[in-house]
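Read the structure below first, then the notes.
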Amino acid sequence: MNSRMTGKSAIITGAGGGIGAAIAGLFCQEGGSVLLFDRNADILGKTAAQLRSRNPGARIEIFPGDVSDPTDVDQAVKHAAVAFGGVSVLVNNAAVRNHSSVETSDIAEWNRLLSVNVLGAVNFCKAALPALRNSGNASIVNVSSCYAVVGRSGMPIYDATKAALLSVTRTLAFEEAQNGVRANAVCPGGTLTPFTIGRGVASGRNAEEMQNDQRSDSLLRRWGRPEEIAYPVLWLASDESSYMTGATIMVDGGLSIM
Ligand SMILES: NC(=O)c1ccc[n+]([C@@H]2O[C@H](COP(=O)([O-])OP(=O)(O)OC[C@H]3O[C@@H](n4cnc5c(N)ncnc54)[C@H](O)[C@@H]3O)[C@@H](O)[C@H]2O)c1
């Protein structure tokens with residue numbers, strides 16, 4: 001076993017899904033303890049079972065819940081603090097999407113995406129900050145999107161929530177630097193996960209052939225893999241990035257400089 005996360009205990013939201021599960025996998029591989037939080041209890045159980053079989057001896061807790069529900073969030077943080085004796089890493093990764101134009105966008109959908117993508121992260125920060133400060137050396141990693149900083153049409157609500165998350169990240173960096181808590185963000189580009197594969201399949205694509213897509217919105221001409229997003233998150237969570245706070249790391253195959 002490697003040791004970049006030894007002695008660290010992490011909460012990862014949206015941990016049943018592609019990128020969240022990949023983050024949890026790397027943290028376990030590197031000796032960390034993880035609490036996996038997701039509203040989908042089935043997928044959470046399957047992810048945890050896979051992680052346990054690949055990482056015997058890893059400390060893995062699961063907590064089904066909704067990031068937009070402060071009660072679920074408080075209970076999850078308490079669960080992690082008791083199970084692990086503290087919390088030193090928080091990865092806010094859960095998100096939902098919506099496709100519309102600004103003109104056709106539904107206010108109820110604005111509220112739904114804001115309550116998960118922005119307030120979900122805020123709920124977890126509010127609940128976990130006391131434990132994170134107590135750890136003396138903590139890291140918050142927020143998973144945003146390349147479209148937080150790059151323009152496009154068709155997903156105005158999602159893109160606005162991801163831009164707001166970068167702003168929350170910078171404020172946290174200011175407010176928590178003196179408390180031993182760093183806060184950074186990663187901005188993935190198009191990454192093959194259950195969500196993106198599901199959208200492809202719904203529009204008639206074949207999941208296998210999507211692996212070989214020549215994507216015109218990436219300098220690397222392909223989709224990202226979940227572990228390619230998870231490695232920068234691991235680095236930000238570990239002490240290797242100890243002089244980084246308030247940063248936004250683009251992990252987008254070059255999309256943002258095209
Ligand atoms: N896949 C991409 O191309 C891509 C690109 C840019 C950014 N991102 C970001 O990366 C993160 C992970 O993306 P993914 O593609 O792995 O997503 P995904 O949809 O495959 O997984 C997201 C997980 O979050 C969970 N979730 C959703 N709402 C929740 C809630 N209210 N409470 C608790 N859990 C909830 C879902 O059940 C799911 O397991 C997201 O923040 C997404 O915005 C992804």
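The values are calculated or read from the model by the stated rules, or taken from the named source; none is laboratory data. Small disclaimer: the values here were computed from a predicted structure and weren't measured. Using ideal geometry, Cβ is built from the backbone for each residue, glycine included, and neighbour counts are taken over all protein chains shown.
Brief remarks follow.
- Residue match in the stretch 178-185 (condition: at pLDDT 95 or above, more than 16 Å from the ligand (Cβ to nearest atom), assigned to a helix (DSSP H, G or I) and of a type in the set (Val, Ile, Thr)): no
- Residue ID - nearest to residue 79 (Cα to Cα), chosen from residues in the stretch 98-142 that are among the β-branched types (Val, Ile, Thr) and assigned to a helix (DSSP H, G or I): 122
- For the criterion of being surrounded by fewer than 17 Cβ atoms within 10 Å (Cβ to Cβ) and in contact with a Lys or Arg (Cβ under 9 Å, 6 or more places away or on another chain), residue 70 passes.
- Number of residues in the stretch 166-205 that are among the hydrophobic types (A, V, I, L, M, F, W, C) and surrounded by fewer than 23 Cβ atoms within 10 Å (Cβ to Cβ) equals 10.
- Against the criterion of being more than 18 Å from the chain's Cα centre (by Cα), at pLDDT 95 or above and not aromatic (Phe, Trp, Tyr), residue 240 qualifies.
- Taken as a whole, the stretch 120-130 holds no residue that is under 23 Å from residue 250 (Cβ atoms) and over 16 Å from the mean Cα position of the chain (by Cα).
- Scanning the stretch 149-186 for residues that are under 21 Å from residue 110 (Cβ atoms), among the hydrophobic types (A, V, I, L, M, F, W, C) and either touching a Cys at 6+ places or on another chain (Cβ under 7 Å) or free of Cβ contacts under 8 Å to residues at least 60 places away in the same chain (or both) turns up 149, 155, 157, 160, 163, 164, 168.
- Filter pass, residue 19 being at pLDDT 95 or above and not in a helix (DSSP H, G or I): no
- The set of residues in the stretch 35-74 being over 17 Å from the mean Cα position of the chain (by Cα) and within 13 Å of the ligand (Cβ to nearest atom) consists of 41, 42, 45, 46, 69, 70, 71, 72.
- Looking across the stretch 73-97 at every residue that is part of a helix (DSSP H, G or I) and either modelled with pLDDT under 95 or out of contact with any helix residue (DSSP H, G or I) (no Cβ under 6 Å at 6 or more places or on another chain) (or both), the one that is surrounded by the most Cβ atoms within 10 Å (Cβ to Cβ) is identified as 76.
- The criterion of being touching a Phe, Trp or Tyr at 6+ places or on another chain (Cβ under 8 Å), among the polar types (S, T, N, Q) and at pLDDT 95 or above does not hold for residue 245.
- Residue match in the stretch 215-231 (condition: part of a helix (DSSP H, G or I), within 17 Å of the chain's Cα centre (by Cα), buried (at least 23 other Cβ atoms within 10 Å of the Cβ) and at pLDDT 95 or above): yes
- Among the residues of this structure, residue 4 does not count as one that is surrounded by fewer than 23 Cβ atoms within 10 Å (Cβ to Cβ), near the ligand (Cβ under 8 Å from one of its atoms), under 19 Å from the mean Cα position of the chain (by Cα) and among the charged types (D, E, K, R).
- Only a single criterion out of (1) within 16 Å of the ligand (Cβ to nearest atom); (2) in contact (Cβ under 8 Å) with a residue 24 or more places away in the chain; (3) in a helix (DSSP H, G or I) is not satisfied by residue 201, namely (2).
- Residue count, the stretch 158-176 (criterion: over 17 Å from the mean Cα position of the chain (by Cα) and among the aromatic types (Phe, Trp, Tyr)): 1
- Looking across 25, 45, 86, one residue alone is touching a residue at least 60 places away in the same chain (Cβ under 8 Å) and closer than 23 Å to residue 229 by Cα. It is 25.
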